[in-house]
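Reading through the structure tokens given below for one structure.
Nothing in this text is a laboratory measurement; each read-out follows from the coordinates by a stated rule. Note that the structure is a prediction, hence the values are computed from the model and not measured. Don't worry about glycine lacking a Cβ; one is built from the backbone with ideal geometry, like all the others, and counts go over all protein chains shown.
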Amino acid sequence: MKLTAFQSDKGDCLLMETADGAHRMLIDGGMRDSYSAHVAPTLGKLREAGKKMDVVYISHIDQDHIAGVLRLLDDEVEWRIHEHLIANGNPGHRAPKSPRPPEIGQIWHNSFHEQVGKNAGPVEDMLAATAEILSGANHPVLREIAQDRRDLATSIPEAMRVSSRIRHGQLNIPLNPEFNGKLMLVQDGRSAIKLGSIKLNLIGPFEKDLKKLREEWNDWLRANRERVKQIRQQARADEDALADSSLSQLFGPMESVANDLGASELALAKILGNRKNVTTPNLASLMFMALDEKHTVLLTGDGHWEDILAGLEHHGAFDSNNKLHVTVLKVQHHGSEHNIKRTFCDRVSADNYVFCGNGEHENPDLDVIQEIFDRRMVNDTSRFKFWFNSSSAASTDEGGVEHMKAVERLTRKLINNSVGRLKANFLTVGSSVRIL
């Protein structure tokens, strides 16, 4: 098995290939600009070499995972239009600037409409409305919640555009063919999906979780529709920025505001692994355990540690000591403190830990890096390596640069304390790093 991690801004983008190079899968696409700068050139070379992309796998709808995939699909549309014009009397039409991506065999993606049902549109509208309202608050937590909502409101139409792009009338790329075009879910008795010599066991989400998430979206919509209406009425009456007191009158105490608006990963209390602090789309992440004769790789998206363990237990992946050691763990949710806990670190260990994040939102989290190191040193005596798909030199986010400097300082300290067992690689130059 081969595995490459790309620079992807604050997001995820990896390429998995079989050992013989005959089959490959793109795992998320990162942000739109990072895809164009760092991923598209590599995919363009695959196209030139006559190689196909068997699967494009989108873990979930967050912008930092799906936006790059949408850019890929848009590039292919531009190239097809170009070909059509050339073939129909316009030989001088200028070719698109972006390299043409390889032919795509299928896409794995649980669409937002399938997850939420008929309320997908109203949910999108409400997210935008709450973001607009809370962005005027004085309290920094509420402004962070506003940004969280704004990002998600942007991600939903991008997810819908992906669904439109791959339909029969446009690119005609099969969606979830192993599941007859429906949601990909963990199910009893379902065999692993084969990608050449690689077997992919789906470890999340479970059907019961998606059902619960749909109910949570609809409950959130009902609970906040009237409150948003009230705040908008007050905002129209008062052109000044909304004050915390106004918000508190309508929403109640500050902590209640955060909970009511689904504050998730931007929670008021920083508690490692608290499931309530993880956004609904993240909890719906498509996650896989990929295996070949030599390697095991956990692809976790932005999933929560409890869901990952449940999926692994479903497949009987743990040994008699209730532990699992893998070749690569793609650390869930960019190393966010909300998605991991000591219990997970004690049960799942790896030779290679991959952190995707450029320091924005303080990911990867320093406490998470420390926790993984501490438990790995206790539970396994073998050597291991931390891989970062960014660095202070590569990050383009102002706050992210400072955070990545802190990550680099901590990692140097951990290496010094590891008795020669830990190594680390930060992507400082270039577009990608080869992990396997």
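Computed quantities for the displayed model
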{"item": "The range 1-41 residues near the modelled S197 label - backbone nitrogen below 17 Å, point 7 Å along Cα→Cβ", "result": "1-4, 16-25"}
{"item": "Nitroxide proxy distance, nm - points 7 Å out along Cα→Cβ at N416 and L366", "result": "1.5"}
{"item": "Net charge dipole size for the range 287-434 [Lys, Arg +1 and Asp, Glu -1 on Cβ; Debye, nearest 20]", "result": "740"}
{"item": "Additional length obtainable on full extension of the chain from T42 to A19, 0.36 nm per residue less Cα span", "result": "6.5 nm"}
{"item": "Rh (Kirkwood; distinct C-alpha pairs) - the range 287-434, Å", "result": "15.5"}
{"item": "Dipole axis of the range 30-118 (+1 Lys, Arg; -1 Asp, Glu on Cβ), positive-most option in S34, A67, N110", "result": "S34"}
{"item": "Surface/4 estimate of mean projected area, convex hull on alpha-carbon atoms of the range 62-114, nm²", "result": "5.0"}
{"item": "Relative packing of 80-88, 320-328, 59-67, 404-412, which averages over residues the other C-beta atoms within 10 Å, highest first", "result": "59-67, 404-412, 320-328, 80-88"}
{"item": "Spacing of the two label points (7 Å from each Cα toward its C-beta) at T428 and E103, in nm", "result": "4.2"}
{"item": "Gained length - L183 relative to H314, 0.36 nm times residue gap less alpha-carbon distance", "result": "45.3 nm"}
{"item": "Karplus-derived HN-Hα couplings along the range 332-340 (A = 6.51, B = -1.76, C = 1.60, θ = phi - 60°), whole Hz, x at Gly and Pro", "result": "5, 6, 6, x, 5, 5, 7, 10, 9"}
{"item": "Across K341/K385; K10/K211; K10/K194; K45/K423; K51/K199, pairs whose alpha-carbon gap is larger than 24 Å", "result": "K10/K211; K10/K194; K45/K423"}
